[in-house]
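The values are calculated or read from the model by the stated rules, or taken from the named source; none is laboratory data. Just so you know, these numbers come straight off a predicted model, no measurement behind them. Note that each Cβ is placed from the backbone with ideal geometry, even for glycine, and that neighbours are counted across all protein chains shown. These area figures cover heavy atoms from the full protein model, side chains too; ligands, DNA and RNA do not enter into them. Shrake-Rupley method; radii C 1.70, N 1.55, O 1.52, S 1.80 Å.
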Amino acid sequence: MPPLRLLCVLIALASAAHAADVPRLPSVTIDGSLGDWSDRGFVIENLASLDAQPVPAANLSARARFGWDDQGFLFAIEIEDNVITEAAAELYTADSVELFLARSVGADDRFQVLLAPGLNPLQAGPRIAYEDRRKNKTSAASIEAARTATATGYILEGRVPWRMLGWSPEGTLGVQVIVNDADHGPGRHKWVWHPGEQSSSDSRQLNEVRLAGIASPPDRVVWRWRPLESGRLAVVVASNDKAATTTQWITARENDRLIAQVALVPNPAGMRSEFIVPAQGEDITVALDDRPLGVIPLKSAGRPDSTKINRADYTLTPAVFSGNMFPEARLAKAAEIEKLLGPVTIHPRYFDAGQQEVTTPVAPGRYGVVYEIKPLAGPAVLRYQTLFKLPQEINWRTARMEFPAIELPREMGLDPANVRRHVKDFEWLFNDTWRTQLAETAESAIVLAAIADATPGSSPATARDHAWRRNQDWWHQLRKKLGQWEQYDHVVHTPEGYGEDREKRWPLVLFLHGSGDGENRQILQKWGPPRQQALGRKFPFILVAPRSPAGQWQGWYAPQLGALLDDIEANYRVDKNRIYVTGLSMGGSGTWRLASEFPDRFAAIAPFCGGGNESEAPRIAHIPTWAFHGDQDKAVPVEYTLRMIEAVKKAGGQPRMTIYPGVGHVCWEEAYGGQEFYDWLLAQRRP
């Protein structure tokens, strides 16, 4: 295992060494009260912050209890909170409770329930969201939940049906509960049941519970471990057992060898001890008075946040090469990846321009490498990269690139005549820059491969066949061939009355989110129609919100979105003459792109602060269009929309445009939150 200073984990996985027994409770009614629980259920007395500090009583007090019956998994959370703050859309960003369930600790199938108390006078009960990450999804039942406001906070009670989970009530489960508090200092704070907070991305960080007849004793102890700059580990054990009168002993053992022993001394304010252990060697078992608390898995340490893993730069270098052998696969940012994952090995597979697997490069031109980055522990990361083989090595001492003319951005403030006088200097600058960066830059291989693949005498590249689009198309075909292409993850909301008239067909609105808003399904509710729907708005159309993979900087891929629409049309009653697409930022650009890819598919489009390709305007001039932008947008300049609208007008279209004065990038809330936008959209029909 690498030194812990290389791990970017602040709180690491502490796997449970024994299962807690959760009892069968056959007579619990979900009504938001604890009367029928009495003193039953498995009780978690001690939720703690991520550094194992017990919850300050003045800010928050929380206890959880679990049970089960023939219908589902039961939970009740008692929360005392001096200030209750709820979010309008992204429930987890403010006061809320998250419950994570998996068929077993470490299983791929997992289910997340998110509940906000719904204490606003306009809300009749708790607000519920969930994320289903099981392979075989079922929807035969819904989550039951109720809440009761108390003098000092609230009680959340619920049941997650076995029919919904698709699991039988037997054996063990993986469980985690997190209480989110938005008023304990700046930002959101998490109070969790050990061992880990990244339960949504790593089910190894769940606790093991056994569906039993009698409950285990209440859990009053929480523990954590964290890496130190010294390369060792700090272990913290805390308890809120204020009635304890005798000293308890914490031990840490590597196999049978005792490596640490400290006292947990009774204290009316709660007990807490911290000690240091090595960061290398065999797994360490931590116990309290010989009762196992869990294991520090030195041989299989927990991984950092999955978002950081997905967004990391795994580019290989060199991307442009010559010779009769593929260059050794090296990560351009090897040090950063090692800090994130520890030491890794790279396992590449190479494919030629015809998408045949090869071991050596023969002809010059395009190649692709499919490579796994394998850490010592945890799953591998799979990535794809384009390579380009030169016919021969370039002699940069004699090679020269010439520009017949050069035009620089006017914002540079340079006189055009002087620029033309110094064109040779720019040739030298470009020549020197490419000499040092050609082989190292993945984009160089993409552009060179597109040029090499192009037919001599073909027309200039457009939005549908420029270098990056050609690259996407090539990889799309290869990944389908390898069985590694997946459809966009997405959510579908059907309107009220959809299930009543089996013959009626409904309008469909496709919403494309912006960059960074596709990390999970909850974030899809951050903006636009999904946010309005989460706030309780009833739409008279089918709403489809796909999720773009984290770190996909190229934006939305139109053929893949087209395939998603094909699937939706095959499984839902869609009025094919009333299909609309709208999106914001990256999704605004995706709206223009999707319309130009399938110009006869949409009844109307509505891009917000996204740029399109003006050369494609003739293809979409017939589509009713309403574009929006803020004139103070620093992320996507308003000129992008102005130029696109002007191009559509020149092509004979009659687009509508709204420019918000004094508004920056977030220009969509007024339109998406109002009624005029939807009235206009739904009034459009495909001829």
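Note down the relative contact order for segment 528-670 as a percent, whole number, built from C-alpha pairs under 8 angstrom at least six residues apart.
Reported relative contact order: 19 percent.
Under the Karplus relation 6.51 cos²θ - 1.76 cosθ + 1.60, θ = phi - 60°, what is the ordered set of whole-Hz ³J(HN,Hα) values for segment 211-224, x standing for Gly and Pro?
Once rounded to whole Hz, the list reads 6, 10, x, 10, 6, 5, x, x, 8, 10, 10, 10, 8, 9.
Ignoring ligands, DNA and RNA, how do SER239, SER615 rank by accessible area with a 1.4 Å probe, largest first?
Highest to lowest solvent-accessible surface, that is SER615, SER239.
Could you please put SER585, SER142 in sequence from largest to smallest accessible area, using a 1.4 Å probe?
SER142, SER585
What does the highest-first list of 478-487, 629-638, 412-421 look like by mean Cβ count within 10 Å?
Values: 478-487: 12.1, 629-638: 17.7, 412-421: 9.8.
Packing order, densest peptide first, comes out as 629-638, 478-487, 412-421.
Report ARG578's accessible area, 1.4 Å probe, all protein chains in place, as a number in Å² to the nearest 10.
So the heavy atoms of ARG578 present about 40 Å² to solvent.
Whole-Hz Karplus ³J(HN,Hα) for segment 528-543, in order, using 6.51 cos²θ - 1.76 cosθ + 1.60 and θ = phi - 60°, x for Gly and Pro?
Once θ is set to phi - 60°, the couplings for segment 528-543 become x, x, x, 5, 4, 5, 5, 7, x, 6, 9, 9, x, 8, 7, 10 Hz.
Work out the charge dipole of segment 385-472 with +1 on the Cβ of Lys and Arg and -1 on the Cβ of Asp and Glu about the Cα centre, then indicate which of LEU387, TRP434, THR455 is farthest towards its positive end.
THR455
When Lys and Arg each count +1 and Asp and Glu each count -1, what net charge do the other residues less than 15 Å away from ILE451, Cβ to Cβ, add up to? List each step's numbers first, then the result.
Details: positive: ARG366, LYS389, ARG469, ARG470; negative: GLU443, ASP453, ASP465.
For residues surrounding ILE451, the net value is +1.
Taking H placed 1.01 Å from N in the peptide plane, check which residues at least 5 places from VAL105 or on another chain put their amide H under 5 Å from its amide H.
GLY174
Using a 1.4 Å probe and ignoring any ligands, DNA or RNA, find the accessible area of TYR640 and quote it in Å² to the nearest 10.
Probe radius 1.4 Å; accessible area of TYR640 about 100 Å².
Amide H to amide H under 5 Å from ALA260: which residues, 5+ apart in sequence or cross-chain, H placed 1.01 Å off N in plane?
Close amide H contacts, sequence-distant or interchain: ALA252.
What ranking of HIS422, HIS493, HIS513 comes out by heavy-atom accessible area, probe 1.4 Å, highest first?
Largest accessible area first, the list is HIS422, HIS493, HIS513.
So what does LYS424 come to for accessible area, using a 1.4 Å probe and Å² rounded to 10?
120
May I ask you to order 670-678, 290-298, 67-75 by the average number of other C-beta atoms within 10 Å around their residues, highest value first?
Listed from highest to lowest mean packing, they are 67-75, 290-298, 670-678.
Starting with the highest mean, order 147-158, 32-43 by the number of other Cβ atoms within 10 Å, averaged over the residues of each peptide.
Top to bottom by mean Cβ count within 10 Å: 147-158, 32-43.
Under 5 Å between amide hydrogens, which residues at least 5 positions from GLY294 or on another chain qualify, with H placed 1.01 Å from N in the peptide plane?
It is ALA17, VAL286, by chain and number.
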